[in-house]
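Written below as structure tokens is the structure these notes are about.
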């Protein structure tokens, strides 16, 4: 069996990154000082969307991790809720918000359930979440997004794609075809779907060696950290689901 048809090359749980945030082993022989997406600042894609006026109203940052995107938006005056399945990530996020004197409603939550937030949010930001869910969980998550968004609300989402070796660093990379199926009319209206880059703080040597073995050569920023390719989705929930 070839690698492309095998089980994911990254042995990550699809629902619990708690060991990673604690600095424990989360994949065989792999321990990181911090999560690769913990860059200590908001993702440039998030900054770009906000500057373009694409983030409005009350915001949910789902899969918020250590909270830098949520804290950035709160600092600009948005009312923000940040949810993540990992308690240690939420503790870190609360600490970062407190350090800046900002009020962000951080809580531990399951992205496939999203109970208690019905029709609350104008914008949902999802940075690097969907590709960690298996196909059944992805459907459940999208159902949750439908519940929490107001009619006409906007989803902004970044996810890894199988088109550029995504299975080397993602459990369930999501194709453009899969995205169009998950966010199909009449419930959704996709307003933009393009490629982009997610910044990292660097990856473990084992992962970089794996990239080389599979002839994957990501772009690197000025600090030498890989920038991983993502699909950038912007979609609006229908004004009426009847």
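Read-outs: derived from the displayed coordinates by stated rules, not from any lab. Note that the structure is predicted; figures quoted are calculated from it, not measured. All Cβ positions, even for glycine, are placed from backbone atoms using ideal geometry, and neighbour counts span all protein chains on display.
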inquiry  = Please check: in the Gaussian network model of the chain (C-alpha springs, under 10 Å), which one of 117, 78, 21 has the largest mean-square fluctuation.
reply    = 117
task = Report Rg (one decimal) and Dmax (nearest whole number) for the chain, counting Cα atoms only, units Å.
result = 17.1, 53
inquiry  = Sort 212-225, 138-151 by packing, meaning the average of other beta carbons within 10 Å per residue, with the highest value first.
reply    = 138-151, 212-225
query = Which residue, 228, 168, 208, tops the fluctuation ranking in a GNM of the chain built on C-alpha contacts under 10 Å?
reply = 208
remark   = Helix-only [θ] at 222 nm, the chain, -39500 (n - 2.57) per DSSP H run of 4+, per residue, nearest 500, equals -7500 deg cm²/dmol
request  = Taking only Cα atoms and a 10 Å spring cutoff, compute GNM fluctuations for the chain and point out the largest among 47, 80, 104.
outcome  = 47
ask   = So between residue 195 and residue 143, what do we pick up on full extension, going 0.36 nm a residue minus the alpha carbon distance?
value = 16.3 nm
query = Between residue 34 and residue 118, 0.36 nm times their residue separation minus their Cα-Cα distance comes to what?
reply = 27.0 nm
query = How much length, in nm to one decimal, is gained on full extension between residue 136 and residue 185, taken as 0.36 nm per residue of separation minus their Cα-Cα distance?
reply = 15.7 nm
